[in-house]
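One structure is given below, encoded as structure tokens.
The values are calculated or read from the model by the stated rules, or taken from the named source; none is laboratory data. Predicted model, so just to flag it, every value in this text is computed and none were measured. Note: ideal-geometry Cβ built from the backbone for every residue, glycine included; neighbour counts use all protein chains shown.
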Amino acid sequence: MFKSNKIYIKILLFFFILINSSVSEEIKIPEHDWSFKGITGKFDRSSLQRGYQVYTEVCSSCHSMSLLSYRNLGEKGGPEFSVEQVKAIAANFEVIDGPNNDGEMFTRPGRPSDKFVSPYPNVQAAMAANGGAYPPDMSVLVKARKGGADYIYSVLTGYTEPPTNFDLEEGVYYNRYMEGNKIKMSNPLSDDLVSYSDGTKATEAQMAKDVTTFLTWAAEPHLEARHKLGFKVIIFLIILSILVYFSMRRLWLRIDSKE
Amino acid sequence: MSEHTYTPQSKFGKWFNDRLPLLSLASHLTDYPTPKNLNYWWTFGGILTFCLLSQMITGLVLAMHYVAHADMAFSSIEHIMRDVNYGWLIRYIHSNGASMFFLAVYIHIFRSLFYGSYKSPREIIWILGMLIYLLMMATAFMGYVLPWGQMSFWGATVITNLFSAIPLVGESITTWLWGGYAVDNPTLTRFFSLHYFFPFLILGLVILHIWALHVPGNNNPIGIDVEKPSKDTVPFHPYITIKDLFALLIFLIIFSGFIFFAPNILGHSDNYIEANPLVTPKHIVPEWYLLPFYAILRSVPDKLGGVVLLFGSIFILMALPWLDSSKVRSSIFRPLNRIFFWILIVNVLALGYVGAMPAEGLYLLIARVGTAYYFAHFLIILPVLSRIEKTQPLPLSITDPVLTGK
Ligand code: HEM
């Protein structure tokens, strides 16, 4: 029906490609091959476990992750620690509970059902301890930044020497991928900062990769289930539409043959 | 419209139908004579009906778990995403569903524009459609506020602030809308209430829309009236239902692509940051489907002027049946209108593009030219064009489209 309009569609496409390529002032974020990307993407289980280690040992001293519970660490599609491991992890934390029958708050070892313990009691305390900058909560951080995992990884590996004449105030660091190239977090990673129990060498890049994987899972804990279900749903829809297409053709033959 | 009388076979059926003619209605709907030359652009009405029902059903489930409170809304959404069984699926269907709904409605509207479906005798169908569209925008806007992320909050602030431009009563209206002196918890709770309610209004309007459609019957790609119903039309069921079903399935494949493999691509990442009245995002942008209007709004330096243009850009469409006086409906036979139709599409897409960009420099210039052109299209080009255009000869009937009356 639109045959005569094909040419317009082409002009239109051309127009948009032109506009799109002519304007791009933003910092380009390099893309990486994450195992969780793509239609069949899955998390790398051991990378998630290592990423959790980096998070607790390094990042969690400043960044909270208040939407996650310790039990999530043992759930399917996540780091999949065993029930025993999850219990042990949770027990490592002191959780404030109460009030008890005397009306007092008390601390007790964490349980899998507890939420991740936050490093600071509130945002103000976090800012006060970090020179006025708020270390953002990490529960959905990957989804809260344009570029997602690629961006987080880039920031973590983007600390370089500032160009000459670049003004940096006290407590501000140069980062190639932050907006304005300034970040109020010193480089949190350095080689061999943690020691991985599975023997993986803890290079800066390796830790950045692992913790980014972990953060991606934290932001999207059902990613694997989503990919799996999506695959099935789309296959089902394709088969059904092929069947419907042929029945439609059969049916319409009655009409078309009358012409 | 076929005026056949329907009598149910069974005694009970007849008894019931005499008292409540539901069976007659069902029979009317299945036998409804539909032009047999409808192309796939006509399947979007059915797709839209699906979208509306899908939004209402997923919304119903979301509302069972959502907490409409400024302190809890954000985390209740995350609770749905993490802890509710298949909560992530329900939410992603609903959030991407809104986008798909608008995609479908835009195709549906531009279909009407291209084939002149808004022309006599279908003006009321068209106006009901525009009312539906207005309500859809209001509903989607309020829905976007509910997760209480940064874009929710600041989008709500920007849009509700527009009303303050109205002379004399503007300030009071905004205060009334907010339920206070800024966007806050009272704003959130009333938006939730209205967001739940509006789809029912839309449903009512859709029923009227289809009722009004069933009076003259469908327009069709060549835009001429049905001559011989027995030759030119097919019963709605099964011929159109199966075609609509096929189109819906293809639509669902694309829809699923978004839901399962790119569920956040159409949203703004800032909305995963909880609302913070003290931190203004660098660029406040609405959802993609409102961008052309956002560009129009910002194209004038004066707030009131922007608001007037914004509403004008939608209301002008309601007058379309009277602005375009051409007797020929389908643009297939309107060589001039066809060209300007495509220019209009490019113009609207360009407005959408600059709507997402900061309102400065070249972008602002494009927004201004685009806005001026948009109004010129409807107020100058179309009225003039429809008088001077030399249309091509029309076929004699739907069945013999090749037998033109040359
Ligand atoms: C909730 C949203 C809507 C639903 C569910 C809906 C539904 C439908 C259906 C089922 C049809 C018949 C099939 C078709 O022609 O595709 C139809 C026709 C039509 N719609 Fe809509 N519609 C909606 C919104 C709109 C809007 C926003 C407009 C534009 C202002 C519009 C304008 C029209 C017109 C002019 C027709 C008649 C086309 C013809 O006669 O073939 N509709 N609509």
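Please go through region A:26-83 and pick out each residue that is within 12 Å of chain B (Cβ to nearest Cβ), of a type in the set (Lys, Arg) and under 23 Å from A:THR200 (Cβ atoms). Matches in region A:26-83: A:LYS37 only. Once region B:352-386 is narrowed to residues that are within 12 Å of another protein chain (Cβ to nearest Cβ) and closer than 21 Å to B:ILE107 by Cβ, the residue that is surrounded by the most Cβ atoms within 10 Å (Cβ to Cβ) is B:TYR353.
Going residue by residue through region B:5-24, is there one that turns out to be surrounded by 13 or more Cβ atoms within 10 Å (Cβ to Cβ), over 30 Å from A:SER257 (Cβ atoms), β-branched (Val, Ile, Thr) and away from the ligand (no atom under 15 Å from the Cβ)? No, there is no match, as no residue in region B:5-24 is surrounded by 13 or more Cβ atoms within 10 Å (Cβ to Cβ), over 30 Å from A:SER257 (Cβ atoms), β-branched (Val, Ile, Thr) and away from the ligand (no atom under 15 Å from the Cβ). Of everything in region B:50-87 that is touching a helix residue (DSSP H, G or I) at 6+ places or on another chain (Cβ under 7 Å) and within 10 Å of the ligand (Cβ to nearest atom), the residue that is farthest from the other protein chains (Cβ to nearest Cβ) is B:LEU52. Those helices (runs of 4 or more DSSP H) of region B:223-333 in which at least 1 residues are over 30 Å from A:PHE246 (Cβ atoms), considering only elements entirely within it, cover B:291-298, B:303-318, B:320-323. Take the conditions (1) small (Gly, Ala, Ser); (2) over 21 Å from B:SER75 (Cβ atoms); (3) buried (at least 16 other Cβ atoms within 10 Å of the Cβ); A:SER139 misses just one of them, which is (2). Among residues of region B:46-61 that are modelled with pLDDT of 95 or more, those with a Cβ under 7 angstrom from a residue that is within 7 Å of the ligand (Cβ to nearest atom), sequence gap 6+ or separate chain, pair up as B:LEU48/B:VAL105; B:LEU48/B:HIS108; B:THR49/B:VAL206; B:LEU52/B:ILE202; B:LEU52/B:VAL206. You will find that of A:SER113, A:SER118, A:SER64, the residue that is farther than 23 Å from A:THR212 by Cα and touching a residue at least 24 places away in the same chain (Cβ under 8 Å) is A:SER113 and no other.
Given the structure, is A:MET207 touching a helix residue (DSSP H, G or I) at 6+ places or on another chain (Cβ under 8 Å) and under 30 Å from B:PRO238 (Cα atoms)? No: the conditions fail for A:MET207. The single condition among (1) more than 7 Å from the ligand (Cβ to nearest atom); (2) buried (at least 22 other Cβ atoms within 10 Å of the Cβ); (3) outside any loop (DSSP other than H, G, I, E, B) that B:LEU113 does not satisfy is (2). Among what's in region B:232-259 and is facing another protein chain (nearest Cβ under 8 Å), in contact (Cβ under 8 Å) with a residue 24 or more places away in the chain and over 24 Å from the mean Cα position of the chain (by Cα), pick the residue that is surrounded by the fewest Cβ atoms within 10 Å (Cβ to Cβ). If we take residues in region B:232-259 being facing another protein chain (nearest Cβ under 8 Å), in contact (Cβ under 8 Å) with a residue 24 or more places away in the chain and over 24 Å from the mean Cα position of the chain (by Cα), then B:TYR239 is surrounded by the fewest Cβ atoms within 10 Å (Cβ to Cβ). The residues listed here are B:ILE159, B:ILE125; of these, the one that is within 12 Å of the ligand (Cβ to nearest atom), part of a helix (DSSP H, G or I), more than 14 Å from chain A (Cβ to nearest Cβ) and touching a residue at least 12 places away in the same chain (Cβ under 8 Å) is B:ILE125.
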